[in-house]
Amino acid sequence: MRQKHLNQALMRIPRRAESTDRYTLASTYVAAGSFAAMLHSADHQILYGRRGTGKTHALHFLSDLVERTGDVAVYLDLRTIGSAGGMYGDVAVSASTRGTHLLVDTLEAVHEELLTAASERDIGDETKLLEALDTLAEAATVVEVVGQVEQETRVGGSASTEHGIELSHRPKAGLSSRETFSAESRTRRTGVERHHIVFGPLSRALRGITRALGQRRLWLLLDEWSSIPLDLQPLLADLLRRSVLPTAGITVKIAAIERRSRFSEPGAAGDYVGIEVGADAASAVSLDDFLMFDQQRSGAREFFAELFFNHASSRLPSVVGKPASAEAFVEDLFRRNAFNELVRAAEGVPRDAINIAALAAQHAHNEPIAMADVRRAARDWYMRDKQTAISENSSARHMLRLLVDEVVGRRRSRTFVVDQLACMRHETIDELYDARLLHVLKRGIVDHKTPGTLYDGFAIDYGCYVSLLIDGELSSRPRDKGGWLASPKSVPPDGFSLTREALDLTKLGPP
Ligand SMILES: Nc1ncnc2c1ncn2[C@@H]1O[C@H](COP(=O)(O)OP(=O)(O)OP(=O)(O)O)[C@@H](O)[C@H]1O
Ligand SMILES: [Mg+2]
């Protein structure tokens, strides 16, 4: 009976942070390493992490933390900005118009949130704040994205270049100039739209707000950055860089998926539009890296034990009684080694861990979860979720097959090493990583014989691998020659040559 309640508590853990209130999230949060301290710094940061790595949870945790110290947090889910349902992605509308809407909508959402905060609790000089918010609302109405399209049309023997300056939703006449060039000087590209943004008095309005907040810092937390269409992302980034980031007293944190983000693009005057990550006082922090736990399996075990304990123990009926510790909790739930196997199967991604644990608990019925339950669950999760995520992407599917054939089939391993530069030329590797079918074990491994070449160590997803084991396609558990990659220091064994063992991505597949 007790076991049944324990297993059911595992199944009931929410899969997305959005479905839980902020206060519960603050109490269930487990900080990986120094991540929480880093996140709490006043620096502007871009928080990268693949799906399910805990970006939303981290932002809510931070928002609770800063409000406890008296600061003001504004959390925005960028998927829910604006009322023009889906218009940001409507390619029939020009980027400048969509961009203008996005920028204005975002500012309005910030305005709205601050107004709510001001009415709910004491956050500084109220009269001054309301005044400043009015100024912000006004400033928002004049922000606009201006697109400049360079088009070439041949007129008679010479080519003429037309600079059509398109002003978004406030059409103005007479801004188009026509210049004539000789045929030889036709070096411009055709139809590329370059943007710049008209900010108006926005910076002043923001300074007014921070002044009204007094000692309180404003934390602007932007979630789901990658849900914004790629072509508009640099525009919103530009607005942040030039008006929000330089305002003293405001800290910006952006949660994004690295492969689906574009923070800058070339601008009209040879400059750039957006944020240059790393350079513009906005640094990147990667949750994926923190969740690698430097390959210390014990760190990962501890993290996930805490995570399950925090989420599930509050969901236990009172008859069961609260377990004494995280470690005691997982020992109640899992048979010998089954929890370690779950940690391996999670590959550092909390949502995958939660889903696999829930499936394993289902398989186990009223019994403690066994190794076989975890493996079956990992396979099911791989088939149901991860594999379908790339079902439309034939080149990624093909690459995965080649990798499995070579690494698992021929080399009898789950891990492999590739030359970093060669890897960058293969977009599919990135795509598989993004889809959580490949995982990074270690970046920038050096071979002392060729110190100029850096290697990255990868693992093929546990679920993918275990599905081969279960379905009998592998006769035995392969001996893992790449085991050193997962050891704390990642030192290759004697006689192991990275240069020789590194996978040549161009030579995969049948000769
Ligand atoms: N550090 C953590 N401590 C406790 N629970 C966590 C932690 N990180 C993630 N989780 C849990 O894992 C699940 C996924 O997290 P979350 O929804 O924040 O992911 P995400 O990175 O925002 O994903 P997506 O990109 O899909 O929005 C949630 O149930 C969340 O509570
Ligand atoms: Mg999220």
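The values are calculated or read from the model by the stated rules, or taken from the named source; none is laboratory data. The model shown is predicted, which means the values in this text are computed figures rather than measured ones. As a convention, Cβ positions derive from the backbone with ideal geometry for all residues, glycine included, and neighbour counts pool all protein chains shown.
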Being closer than 25 Å to Lys55 by Cβ and either among the charged types (D, E, K, R) or surrounded by 21 or more Cβ atoms within 10 Å (Cβ to Cβ) (or both) is the filter here, so list the residues in the stretch 78-100 that pass it. Leu78, Arg79, Ile81, Tyr88, Arg98, Gly99
Over the stretch 410-452, the set of residues over 17 Å from Asp289 (Cα atoms), touching a strand residue (DSSP E or B) at 6+ places or on another chain (Cβ under 6 Å) and of a type in the set (S, T, N, Q) is Thr415
Can you find, within the stretch 4-17, the residue that is farthest from Leu236 (Cα to Cα) among those that are within 16 Å of ligand 2 (Cβ to nearest atom) and surrounded by 15 or more Cβ atoms within 10 Å (Cβ to Cβ)? Ile13
When the residues of the stretch 27-63 are filtered to those that are more than 16 Å from ligand 2 (Cβ to nearest atom) and over 19 Å from Ala284 (Cβ atoms), which remaining residue is surrounded by the most Cβ atoms within 10 Å (Cβ to Cβ)? Val30
Just to be sure before I move on: is Ser63 modelled with pLDDT of 95 or more, out of contact with any Pro (no Cβ under 6 Å at 6 or more places or on another chain) and either within 23 Å of Thr106 (Cβ to Cβ) or more than 11 Å from ligand 1 (Cβ to nearest atom) (or both) in the structure I sent? yes
If you check Asp405, Asp380, which single one turns out to be away from ligand 1 (no atom under 16 Å from the Cβ) and not assigned by TED's automatic domain parsing to the domain that holds Thr453? Asp380
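Condition check ((1) under 20 Å from the mean Cα position of the chain (by Cα); (2) in a strand (DSSP E or B); (3) among the aliphatic types (A, V, I, L, M)) across all residues:
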{"position": "Arg384", "(1), (2), (3)": "no, no, no"}
{"position": "Thr388", "(1), (2), (3)": "yes, no, no"}
{"position": "Ser391", "(1), (2), (3)": "no, no, no"}
{"position": "His398", "(1), (2), (3)": "no, no, no"}
{"position": "Leu402", "(1), (2), (3)": "no, no, yes"}
{"position": "Val408", "(1), (2), (3)": "no, no, yes"}
{"position": "Ser413", "(1), (2), (3)": "no, no, no"}
{"position": "Glu431", "(1), (2), (3)": "yes, no, no"}
{"position": "His439", "(1), (2), (3)": "yes, yes, no"}
Across the stretch 1-56, what is the total count of residues that are among the aliphatic types (A, V, I, L, M) and within 7 Å of ligand 1 (Cβ to nearest atom)? 6
When residues of the stretch 236-272 are filtered for being away from ligand 2 (no atom under 16 Å from the Cβ) and either in a loop (DSSP other than H, G, I, E, B) or under 28 Å from Phe35 (Cα atoms) (or both), how many remain? 25
Take Val319 and tell me if it is closer than 22 Å to Phe35 by Cβ and not assigned by TED's automatic domain parsing to the domain that holds Gly49. no
If the requirement is being under 28 Å from the mean Cα position of the chain (by Cα) and modelled with pLDDT under 90, which of these qualifies: Ser160, Ser168, Ser119, Ser96? Ser96
Candidate set from the stretch 207-235 (those that are within 16 Å of ligand 1 (Cβ to nearest atom) and in a helix (DSSP H, G or I)); member that is farthest from the chain's Cα centre (by Cα): Gln233
